[in-house]
1. Tally up the residues in the stretch B:22-40 that are surrounded by 12 or more Cβ atoms within 10 Å (Cβ to Cβ) and assigned to a helix (DSSP H, G or I), please.
2. For the stretch A:176-183, does any single residue satisfy the condition of being in contact (Cβ under 8 Å) with a residue 12 or more places away in the chain, open to solvent by 20 Å² or more (accessible area, probe 1.4 Å) and not hydrophobic (A, V, I, L, M, F, W, C)?
3. When you scan the stretch B:33-54, do you find a residue that is within 26 Å of residue B:288 (Cβ to Cβ) and among the hydroxyl-bearing types (Ser, Thr, Tyr), even just one?
4. Taking the stretch A:244-261 as the search range and keeping residues that are surrounded by fewer than 18 Cβ atoms within 10 Å (Cβ to Cβ) and small (Gly, Ala, Ser), which one is nearest to residue A:214 (Cα to Cα)?
5. Name the residues in the stretch A:134-158 that are surrounded by 19 or more Cβ atoms within 10 Å (Cβ to Cβ), outside any loop (DSSP other than H, G, I, E, B) and in contact (Cβ under 8 Å) with a residue 40 or more places away in the chain, would you?
6. Among B:280, B:302, B:287, which is in a helix (DSSP H, G or I), out of contact with any Lys or Arg (no Cβ under 7 Å at 6 or more places or on another chain) and within 29 Å of residue B:50 (Cβ to Cβ)?
7. Which residues, counting only those in the stretch A:44-62, are within 19 Å of the chain's Cα centre (by Cα) and either over 21 Å from residue A:4 (Cβ atoms) or more than 12 Å from chain B (Cβ to nearest Cβ) (or both)?
8. Please go through the stretch A:181-219 and give me each residue that is farther than 16 Å from residue A:99 by Cα and of a type in the set (Asp, Glu), ordered by number.
Amino acid sequence: MTEMMLDIRNLKVSIPTDRGMLNAVRGVDLQIAKGETLCLVGESGCGKSLTATSIMGLLPRYARVTSDRFEMAGQDLSTKTDAKLAKLRGRDVAMIFQDPTSALNPTLTIGRQLTEGVMRHEKLSRSEADARAIEMLDRVGIANPAARLTQYPHGFSGGQRQRIMIASALMGRPGLLIADEPTTALDVTIQAQILTLLGELQADLGLSLLLITHDLGVVAAIADNVAVMYAGRIAERASAVELFAAPRHPYTKGLLAAIPVPGVTRRGSELPAIPGRVPGLIGTMQGCAFRDRCSIAGPECANDPVPLVSTGQGHFIECVKAAEVSV
Amino acid sequence: MLSFISKRLLVALLVCLTVSALSFGLMFVSGDPAIAIAGAGGRAEDAEAIRVAYGFDRPLIVQYLDWIGSALTGNLGQSIYFNVPVTEIIGNRVGVTLTLGFISFLVALVIAVPLGVAAALRPNGWLDRFALVIAVSGQAIPSFWLGLMAIVVFGVWYGWVPISGADTWQGYILPVIVLSYYAIPELMRITRSGMIDVLATDYVRAARAKGLPMHLVISRHALRNAVLPLVSLAAVQLGQLLSGSIVIESVFALNGLGRLAWESLLRSDLPVVQAIILILSLLYVVLTTLADILNAVLDPRLRGNS
């Protein structure tokens, strides 16, 4: 049994709204082993960002969070106070964001933003912290790092800013890095560079990486394992190779079918799309959330609970029609 | 940064020139100043004599250059009514206005900024609602009415403070309260909205993700960005507090600049009015320039090429 970096069972996140309780995350299980890259995939509003934010302990005050188990590197986080969680952030777990331009404070120098975390956590002196910042900037591919510590974010390009964010996240030498759509705001060539960089760092440092994305191209490039999220639950979980080769859940199949393949998809032909739309998440839900859009749904899909079915080594789907699907 | 400051100062200088020309022109917009000085019953010969005596017969440009030249050497002319130098009259009055304005401004800032921050941390919390009540009432209640009520309650009924004048420091208490109450709402609302915007940004989330404690996130990351709009507003507010306290000075019988301007207008003492307008306008120029420089210190993006 490999050592677990993150072990979450039955995570639920609800947000009170004017129209009722928005149950955004409805019982998610997530396990990430040490050194594993897990991609959490899903469309906007499926709860993947909230899942990540709850791991960071950065959910808004009014959000309601419950779980049966919430462990990071063997520590139970569910019983920790806010102040204790703050000590873990930046140290055991760090996060990078979608838009590096807005994630760096425009009024503080790069050096200040890189070093402020470790100077607090590890009581490093300014020169020690600066030395580590230079090392990290160098590592993420920022040229002439020592001179750039005194510069402000607006002096850097978008790709460089994301590199700086990654360096900032790695300053505290965390075991788990959460990347929330780290390439969405960048242009395509820079996306590839950032993904390559993340992959290299992950391998070199033995990081566990939780990468949130709606881009299956990103998944194919970097993931060991994939969890596909739909309407606040994990619909399918498998190794990346297996998921692309043999998707089992009707939702995953629909997602993969919607990707045009050069040379295969005929020019001018209509891409297949999943009919219908994502169900509203306010209030409680009976049965499988995907059944209204599912081509193989039957009456039994309306029953609770939807069974978790294993369809092979480390491959799970949440689907009652699994037997038919797995043919 | 240096090039930013020198550019900004150059602009300020141009504004000063424009302002001086405008305040000089004010002398002539209400008609022939010589006739105004001679009074309603003045004869044409009197007006002519005055015109020569005050130099109104010279070309306008000469008069302007003469006036601006003396102003630069600290001579703002003679008061027509008192026949003493304008600088002397203003010098006697400016202290009261500056004291009242600056103290009110500081009181307003000290109350408005923390209240705005606290309100932004918990929008719709009880403190936010309390702050909203303060803001709405502060903007809705006219300061002359509030001033009069304060005099009635604390000066007349309780007798805690003098009801008029500024012979002792206690005389400033009520005017400062009323004037700062007038300034608080805007300062507080802009702090609150700036803070709410900044707290929702990714860099505040990123700062929290680094594990910084909340007080550091607020003071180092949020406040610095949230006060940028506040600085510009505060400069204008301070200008208003220093120049616009005519009502307050009248209600509390304080002999400050605002009251002097009002009295001089009634007396047609145009050199005094002109000088007050010039001084207050220049004050605005100085304050907004300082605000711009302070903002550039706070936000490196405003400095241009660095």
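1. Qualifying residue count for the region: 13.
2. no
3. Checked against the condition, which is being within 26 Å of residue B:288 (Cβ to Cβ) and among the hydroxyl-bearing types (Ser, Thr, Tyr), the stretch B:33-54 yields no hits at all.
4. Per the stated criteria, the residue is A:258.
5. A:153
6. The conditions single out B:280.
7. Residues satisfying the conditions are A:44, A:45, A:46, A:47, A:48, A:49, A:50, A:51, A:54, A:58, A:59, A:60.
8. A:200, A:204, listed by residue number.
The values are calculated or read from the model by the stated rules, or taken from the named source; none is laboratory data. These figures come from a predicted structure and were not determined experimentally. Here the Cβ is made from the backbone with ideal geometry for all residues, glycine too, and neighbour counts use every protein chain on show. We work out accessible area using only protein heavy atoms, side chains counted, and drop any ligands, DNA or RNA first. Shrake-Rupley method; radii C 1.70, N 1.55, O 1.52, S 1.80 Å.
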